[in-house]
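Everything below concerns the one structure shown next.
Quick note: the coordinates plus some simple rules give every number you see, no bench work behind them. Only a predicted model underlies this, so the values are computations on that prediction, with no experimental measurement involved. Because the Cβ atoms are built from the backbone with ideal geometry, glycine has one as well, and the counts that use them run over all protein chains shown.
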Amino acid sequence: MKVFYKILSTILIFLTCQASFALDTLIVNEKVKEDYYLRGGFLEVLEDTTNKLTIDQILSPDYNNKFIVHEDSTRFAYIVHPSSSYWIRFKVKGVYPIQKHFVLENLDLHIDNFEFYKPDINNKGKYIQEKAGFTLPFDVRRYPHKNFVFDTPLDSTVQTYYIKVKSRNHNPFLLKVKTTSNFAYYALNEYYLLGMFYGIIAIMAIYNLLIFLSLRESVYIYYLFYVICCGIISFGEDGTGFQYIWPGTPSMNSYIALFAPLLLMGSFTIYSQSFLELKKNLPLMNKILNIISIGYVIFFLLDVFVIHLNWEFPLYIIPFLLIYIASILCLKKGFRPARYYILGYSFMFVSIIFLIFRMSGVIHWDDIFTVYSFNIGLVFEIVILSFALGDRIKIMKEENESSQKKIIEQLQENEKLKDKVNRELEEKVKERTQEINEKNKELEGAYEEIQRMNQLLESDNKVLKTNVKELTKARVLMKEVDFGEFSNIFPDKESCLKYLEDLKWVRGYKCKKCSNTKWCKGKDDYSRRCTKCRYDESPTAYTIFHKLKFPITKAFYMLFLVYANKEKITSLELSQILQLRQSTCWNFNKKINEALKNKKKLAELDVDGWGQLVLDPEMED
């Protein structure tokens, strides 16, 4: 998607550069009561891919001629590359005399950073900077209004103004020049209507909360959560939340814009599933909707935080479309509460489509219906769904009354059958109880016999395991076995070190440096540290394995092979068996042979088999 926008921007800039467009000057007549739009022909745009240009550089001759006039005078320019900054230049001239005060209003309040540069009347050639934006605190604005509003001094001369825009979205440049009286009239009416809208939202939220507390039906708490989510997304869309609730936390705008639509979809999906009773009426559609919703949430998170394809909003419509189809199918199956639901949801569905298209940058209209389409559709939906909830209660009441009649009739029949069944059951219970008692006596005798046999088996198993382990170890120490069987006794480095520890200090610990007999755990596994001189002795010290440079498990096996074959095995054979270099086998074999020559010196250690070759009293650490 981003690549597409880059290609489109390049083509537009290239075509624009081939034609010569002159920037039109906006002529403002204070007698005209209408607002003045700054559309394409009145705007010159310069893309700053470095995001480092300043107003002084823009005013210099190097950049003054690089501005491009927007060729379509009937449409608005907009941000093509969210990674770039955009400089906008326009000229305004008033029809003499100018007595009223004018302001510049930017209608798109979702732009991250918006800097307005106007001529300094007290310092010719200099510009005054004013800021606004969704990523800046609200109090930096000169006018406390949800839109970006700036004072625009006009006279009979041509005034040149500059705007610097930086945003992560494809925002349009919706600029209007209007008198302060027109602005005040528009702002008062807009806030009045927004107050009515949020009043309706609050009333419906409280109303459904009270119904839930009365009836304890989950559909009303789901609807309450859905209405709250609608209010949250509206706060983020129309800017009133930033103005009144979190003015000092502009980062909330990003979180609301990112996650509020996801909360809206989730709350509406859960509410619709509960209201339409999809689990009962359309179980397959209910499963599909769950899979699609969960899949969208996963894709949304991946798209936002990992892959960045910006496809989450175009795919946003799919769960809402499935719910719309499900409501029609439920009505066809005879689910009467779906009547008002479909009617109310039709308004909401159209408004959600406009919301998705506007948030994804597909449309850039600024009329009141497009800007507040979500609010309008939500109001209609809330009013109609109120009837739907009332109709649902009425239908449920009728169904409950009918069900109660059937239940009463069924209870009367059940009462007649109950006595008959109870008598039969009592007789069968007596017979069965007698049989169970007899079986229990037999099982008690069998259980005692089984316990006795288990005790005998446990005793035999312990003896058998001990004998097998001792025989295997003796075989390893006294005769030739393969490496697989040898590894059962010494499977890893830890088992070898444990064997060396037991072998070295079988008669007790004695420090090689100070002859102290008290020790504590050393820095490595199985090493011992003198508590007096702090000398740390590893289990391989003073053994044939000291400073070993290949796995100790293979060294153990090599020692065993040399000992078992009475020194008749060659280094080449050892290399093939252990898969080590011949030189490595030759060097270690040499140490083993030397140990065999000194075997008489080690006889006093009282160690059986090849273990007597391990310790070397003459080797120093």
### Task
Can you find, among Ser218, Asn375, Ile352, the residue farthest towards the positive end of the dipole of the range 186-397? Put +1 on the C-beta of Lys and Arg, -1 on that of Asp and Glu.
Ser218
## Note on the structure
Among chymotrypsin sites (Phe, Trp or Tyr not before Pro) in the range 219-314, those in a DSSP loop whose Cβ has at most 14 other Cβ atoms within 10 Å are Trp311
### Task
Pull up all non-local amide H partners of Val28: gap of 5 or more, or a different chain, and H-to-H distance under 5 Å with H placed in the peptide plane.
Lys93, Gly94, Val95
### Query
Short version: ³J(HN,Hα) in whole Hz for each residue of the range 397-412, in order, from phi by Karplus 6.51 cos²θ - 1.76 cosθ + 1.60 (θ = phi - 60°), x for Gly and Pro, what are they?
5, 4, 5, 5, 5, 5, 5, 4, 4, 5, 5, 4, 4, 5, 5, 5
### Message
Let's see if you can work this out: charge +1 on each Lys and Arg Cβ, -1 on each Asp and Glu Cβ, no other charges. What is the dipole magnitude of the range 186-397 about its Cα centre, in debye to the nearest 20?
### Response
1160
### Message
For Trp519, what residues show an amide H to amide H distance below 5 Å, using hydrogens built from the backbone and excluding near sequence neighbours?
### Response
Thr531
### Query
Within the range 81-160, which trypsin sites (Lys or Arg not before Pro) sit in a loop by DSSP and count at most 15 neighbouring Cβ atoms inside 10 Å?
Lys100, Lys124, Lys126, Arg142
### Message
Quick query: amide H of Leu154 versus all other amide H atoms, modeled in the peptide plane; which residues come in under 5 Å with a sequence gap of 5 or more or a different chain?
### Response
Phe102
### Summary
Under the 7 Å Cα-to-Cβ spin-label approximation, Lys597 and Glu438 lie apart by a distance in nanometres of 8.8
### Message
How are the alpha carbon pair distances in the range 186-397 distributed across 10 Å bins from zero to the largest one, expressed in percent?
### Response
8, 33, 37, 19, 4, 0
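Counting other Cβ atoms within 10 Å, keep those with at most 11, restrict to DSSP loop, and tell me which GluC sites (Glu not before Pro) in the range 25-68 are left.
Glu34
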### Residue-by-residue Karplus 3J(HN,Hα) for the range 589-597, coefficients 6.51, -1.76, 1.60, Hz, glycine and proline x
4, 5, 5, 5, 4, 5, 5, 5, 5
### Message
Please report the net charge: other residues with Cβ closer than 9 Å to the Cβ of Arg141, K and R +1, D and E -1.
### Response
0
### Message
Please report the net charge: other residues with Cβ closer than 12 Å to the Cβ of Glu448, K and R +1, D and E -1.
### Response
-1
### Task
Express in whole angstrom the spacing between the alpha-carbon centres of the range 233-289 and the range 147-203.
27
### Task
Apply the Karplus parameterisation 6.51 cos²θ - 1.76 cosθ + 1.60, with θ equal to phi minus 60°, to every residue of the range 580-588 and state each ³J(HN,Hα) to the nearest whole Hz, in sequence, with x for glycine and proline.
10, 5, 5, 5, 5, 5, 5, 5, 6
### Task
Grab the other residues whose beta carbon is less than 10 angstrom from that of Asn587, score K and R as +1, D and E as -1, and report the net.
+4
